[in-house]
Amino acid sequence: MHTEELICRIRSRSARVAVVGLGYVGLPTAAVLADAGFRVVGADVKREVVEAVNAGRPHISEPGLEELVRRCRKAGRLSAVTSARKACDGADIAAVVVQTPLDDRGEPEMQPLRSALREVAEALRRGMLVVVESTLPPGGMREVVVPELEGCSGLRAGRDFLLAYSPERAIPTRTLQEIRTNSRLVGGVNQESARAAAELYSCITSGEVHTEHMDVVEIVKLVENTFRDVNIALANELAVFCEALGVDVGRVIELANRHPRVNLHMPGAGVGGHCLPKDPVFLIGKARKHGLRLELIEAARRRNESMPVHVLQKVEKALEGRSKPKVAVLGVAYKGNTDDTRHSPAEKVIKALLRRGVEVHSHDPFAKQDFGGRFTNSMEEAVRGADVVVIMTDHDDYRRMSTAELKRYLKRDAVIVDARRVLDRSEVEREGLRYSGVGC
Ligand code: SAJ
């Protein structure tokens, strides 16, 4: 099939799409493509994920996703299977959206991506378009993706099939909206590949679609998250500094941000999730291979990784002199209003407290994860009789929490460690509780 023919099929929505990997980004992408009119077959190695999708009950919580999956299932445009090869059989386009985490040595773990690509390669046909959305280390397309696809299929990228990189950039909790409105980056192994992939993404996003050299696109994606990580590290550093001086960093940031060219992020319990803690490390690792140190980015990583320890020190101070204390940890997800607990700062705090023999009860309105302590989805149960309440996640439920109500369940001289600055200090103190926030 010629590129023009594929482009026509994309425009008329008759192109069939396989989405390999049905996680936090893959499933929303598959659903948005199906909703745009394509026939989509998703693939995931986890049987429970496939069954959940086919039953119209997605395994992840993301605003609007369940309804969208149901609608697409009903329209007969979305289904899921456990074999990526089967999903790709007869497909015109394969989008690969599998995780690329760090391994134990801090190196990019490319095994899930390699095995997904091998399955895609088994079903690869001339004229097909493969788009990789997984975040890659710089050079990943050339060093990993191209060899895997060509080696297993015997076909040549750019000559026999089209191949492009278009990293996902949607933020959890707004994934659907961002897939549909964010600008999109597309880098192809050749212009034809970029053109076809750009055509596909213009069917789902109202944002601009930028085509660029693959090497540039790989770095842009990593730089976006690195910018955020470094900015948060600056906020965290200022928070620790202001605390020492007895100044509220929140006021400092709020006023500094009124300057037209300042945009400081917020300090907190640390940086979690699947992307921010990892993407800067992809840059750092690549630089080291070139004999370079990205010192600022490395220091930012260390600062953000140190924040759970900073929170822990606040909890330990609050626990001084108490016997058999109980700590309630509010929030195990890595950020507000999501059920995602990957690389959550709460994990470090809970595990460290448990190692010290402290009784830890955790709560979360979305996620279910005990990290070795006791988990409950009843907030009342979690905080009852607690000496210290640590707020680790900025869920809206916690922002709305009434301090007067909370006080009824706590020990009389309880301390609130507000690692996400969700409560109003003066209100907490008015209730006679002690307040210790990050940065104030
Ligand atoms: N955080 C702070 N202070 C802030 C903002 C965030 O401490 O001011 C913390 C959060 O609590 C969380 C972590 O940082 O633990 C990361 O949260 P996030 O909302 O900044 O980002 P992610 O990881 O959920 O999503 C990011 C997004 N990247 C950017 O905004 C540049 C998203 O657009 C990407 O698609 C995603 O990474 C990804 O998959 O790469």
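Miscellaneous remarks
- Taking only the Cα atoms of segment 228-345, the ratio Rg/Rh comes out at 1.03, with Rh defined as the Kirkwood radius.
- Applying 1/(1 + (r/R0)^6) with r as the Cβ-Cβ distance of ARG13 and ARG118 and R0 = 30 angstrom yields a FRET efficiency of 0.55.
- The overall shape of segment 3-212 is rounded: from the C-alpha gyration tensor, with semi-axes ordered a ≥ b ≥ c, the ratio a/c is less than 1.5.
- Formal net charge of residues neighbouring ARG228 (Cβ-Cβ distance under 14 Å; K, R +1; D, E -1): +3
- Computed over protein heavy atoms with a 1.4 angstrom probe, the accessible surface ordering of ARG47, ARG156, largest first, is ARG47, ARG156.
- Kirkwood radius for segment 269-422, taken over all pairs of different Cα atoms as the inverse mean of 1/r, rounds to 16.2 Å.
- Segment 49-162: Cα Rg divided by the 2.2 N^0.38 Å rule of thumb: 1.18
- 14 Å cut-off, amide nitrogen to a point 7 angstrom out along LYS317 Cα→Cβ, residues in segment 409-440: 415-419, 434-440
- Anchor LYS407: lysines whose Cα lies under 29 Å away (excluding residues fewer than 8 positions away in-chain): LYS314, LYS317, LYS324, LYS326, LYS335, LYS348, LYS351, LYS368
- Of all DSSP-defined beta bridges confined to the chain, some 5% are antiparallel rather than parallel.
- Segment 125-191: C-alpha gyration tensor shape, a/c 1.5 cut-off, then a/b vs b/c: prolate
- As computed over segment 1-115, the Cα convex hull volume per residue (Å³): 114
- Its residue count N sets the reference 2.2 N^0.38 Å, and the alpha-carbon radius of gyration of the chain equals 1.07 times that reference.
- Using a probe radius of 1.4 angstrom, the carbon and sulfur fraction of the accessible surface of segment 3-212 is 44%.
- Straight-distance crosslink candidates among lysines, where the alpha carbon sits under 20 Å from LYS221 and sequence neighbours closer than 8 are dropped: LYS278, LYS286, LYS289
- Simple label model, 7 Å out from Cα along Cβ direction - ARG288 to VAL240, nm: 2.1
- Taking segment 158-193 and a reference point 7 angstrom along Cα→Cβ of SER61, the backbone N atoms nearer than 17 Å belong to 172-176.
- Straight-distance candidates among the lysines for linking to LYS86, with alpha-carbon spacing under 22 Å and chain neighbours fewer than 8 residues away dropped: LYS46, LYS74.
- Among ARG16, ARG125, ARG288, the residue with the largest mean-square fluctuation in a Gaussian network model of the chain, with springs joining Cα atoms closer than 10 Å, is ARG288.
- Length gained when the stretch GLU429-ARG159 is fully extended (0.36 nm per residue, less Cα-Cα span): 90.3 nm
- From the alpha carbon centroid of segment 373-440 to that of segment 216-259 is 25 Å.
- Estimated from the Cβ-Cβ distance and a Förster radius of 56 angstrom, the FRET efficiency linking HIS210 and GLU48 is about 0.90.
- Cβ-Cβ FRET estimate between LYS368 and ASN190, R0 fixed at 41 Å, reported to 0.05: 0.30
- Ranked from largest to smallest solvent-accessible area, with a 1.4 Å probe on the protein heavy atoms, SER344, SER14 come out as SER14, SER344.
- Over the residues of the chain, the helix contribution to mean residue ellipticity at 222 nm works out to -13000 deg cm²/dmol, using -39500 (n - 2.57) for each DSSP H run of at least 4.
- Solvent-accessible area of LEU292 with every protein chain in place, 1.4 Å probe, in Å² to the nearest 10: 100
The values are calculated or read from the model by the stated rules, or taken from the named source; none is laboratory data. If you're wondering where the values come from, they're calculated on a predicted model, not measured in any experiment. Neighbour counts are summed over all protein chains in view; Cβ atoms, including those assigned to glycine, are modelled from backbone coordinates with ideal geometry. What goes into the accessible areas is simple: the full protein's heavy atoms, side chains included, and nothing from ligands, DNA or RNA. Shrake-Rupley method; radii C 1.70, N 1.55, O 1.52, S 1.80 Å.
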